[in-house]
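The values are calculated or read from the model by the stated rules, or taken from the named source; none is laboratory data. Given the structure is predicted, the values throughout are model-derived calculations rather than measurements. For neighbour counting, all protein chains shown are included, and Cβ atoms are generated from backbone atoms with ideal geometry for every residue, glycine included. Side chains included, ligands, DNA and RNA excluded: accessible areas come from the protein's heavy atoms. Shrake-Rupley method; radii C 1.70, N 1.55, O 1.52, S 1.80 Å.
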Amino acid sequence: GSWEKRILKSLNSMCTELNIPLAQKRPVSEQKELLNKWNEMGTDEPDLSLFRPVYAPKDFLEVLMNLRNPNYENGEQPSFRNHLGLIQVPLKVKDIPELKEDFSELGLNIGQLGIDDSAQVPPEFFENEHVRVGQKVLAEQDSAAAQQYVRQGCPTALRADLWALILNISSQPEDILYYEQLKSNVIQHDLLVDSLIYKVSDSLNTDLYVLSFLQVLLCFSRDTSVLEHFSYSSATPPKSYIRGKLGMEEYAVFYPPNVNYNSFILSVAPLCFLYHEPSKLYQIFREMYVRFFFRLHSISSHPSGIVSLCLLFETLLQTHLPQLFYHLREIGAQPLRISFKWMVRAFSGYLATDQLLLLWDRILGYNSLEILAVLAAAVFAFRAVNLMEVTSLAAAE
């Protein structure tokens, strides 16, 4: 709650400072102009130097480090007493045997797309067979089978269709119509968030997919069905009132769920490689956000929530690489300070796109974000020898 208030305060003070309302109706002339520009959007943006990101990952990490469970006096749980990480909330996280059981398809004896070089069978044999099975799964339109299938990775040519099948996305006329309605809402109402969205996509400095980016994000910021989802999560979306109508419910414009726009925008980027049709891209993104990504930005005790992921990461390292963990802690390079931004962005921006999509295959396949913490710990294990030599946070980074 106090975290959300902080963000809302930050948004509101930015509005006051810059004398812009959180939401206002666009003048007709501007609506026309935006409609014309919709298809070449991203080429001509407002002056963004005035806007600042609402918060950075390290601010969010500070909030998580200060969380305490009032039901436990520090360290009353014997198993938690020796946890030396930054996260001080005793949640139940899985140990290696449990992870091994849950992620059994990632066992070393099972072929994985993308790392078939160490397999006993010739790689092209595994790959051809895997593609054949994938085509069969698609032909049968079996969502559960698709989810099982992608645990070994998706062939590039089949990924867009398999993900749509797993997320139950269809291209029905009403879905396209829904997207068009959101688009017209963007054209009619100007939200402060629009400028934040421009700002971040501008700083990414990529014109490759800036168009699809902006369209998806501007629409997402107007999507009230996303808010229905938040009504049963602990995060309450902040509301903003059109100027002069404060407190009149029907004028309330819901503000987008409190997301960190930097990592949020990066999370859309890779999807633009898969879907070129705007309403389909939009639906996939919305579904990925509502099922998974929102958990990386909200505080909860869910096993896929960011708090549990941080704790799982720290526990894995402390248990399996204690020397490394203590060494980094001693030199003031707490491992979580390095891995937090990877996890909060689901590694978007830290992995090459083809690798990132193979990772997200697994998120969909296991319907869980826990793999992010496991990967983060694995990166430390992989670099352990070098990390034992470093003497500062900067060097570790």
*Top-ranked residue in the range 323-337 [being in contact with a Ser or Thr (Cβ under 9 Å, 6 or more places away or on another chain) and outside any helix (DSSP H, G or I); ranked as nearest to GLN147 (Cα to Cα)]*: ALA333
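Here's the yes/no breakdown for (1) at negative phi; (2) touching an Asp or Glu at 6+ places or on another chain (Cβ under 8 Å); (3) among the polar types (S, T, N, Q):
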residue: PHE293; (1), (2), (3): yes, no, no
residue: SER300; (1), (2), (3): yes, no, yes
residue: SER304; (1), (2), (3): yes, yes, yes
residue: LEU311; (1), (2), (3): yes, no, no
residue: HIS320; (1), (2), (3): yes, no, no
residue: HIS327; (1), (2), (3): yes, no, no
residue: GLN334; (1), (2), (3): yes, no, yes
residue: SER339; (1), (2), (3): yes, no, yes
residue: VAL344; (1), (2), (3): yes, no, no
_So SER348, is it over 21 Å from VAL150 (Cβ atoms), outside the structural domain of VAL216 (by the TED database) and in contact (Cβ under 8 Å) with a residue 24 or more places away in the chain_ = no
*Please enumerate the residues belonging to the range 379-397 that are surrounded by 13 or more Cβ atoms within 10 Å (Cβ to Cβ) and within 22 Å of the chain's Cα centre (by Cα).*
VAL379, PHE380
*All positions within the range 327-345 that are in contact (Cβ under 8 Å) with a residue 40 or more places away in the chain and either in contact with a strand residue (DSSP E or B) (Cβ under 6 Å, 6 or more places away or on another chain) or open to solvent by 10 Å² or more (accessible area, probe 1.4 Å) (or both)*: HIS327, ARG329, ILE331, GLY332, GLN334, ARG337, LYS341, ARG345
_Members of the range 296-314 found to be surrounded by fewer than 23 Cβ atoms within 10 Å (Cβ to Cβ) and in a helix (DSSP H, G or I), listed by number_ = VAL307
*Filter result for the condition that a residue is touching a Pro at 6+ places or on another chain (Cβ under 9 Å), more than 30 Å from ALA146 (Cα to Cα) and at pLDDT 95 or above, over PHE340, PHE313, PHE380*: PHE380
*Please enumerate the residues belonging to the range 127-174 that are outside any helix (DSSP H, G or I) and either open to solvent by less than 20 Å² (accessible area, probe 1.4 Å) or aliphatic (A, V, I, L, M) (or both).*
GLY153, CYS154, PRO155, LEU167, ILE169
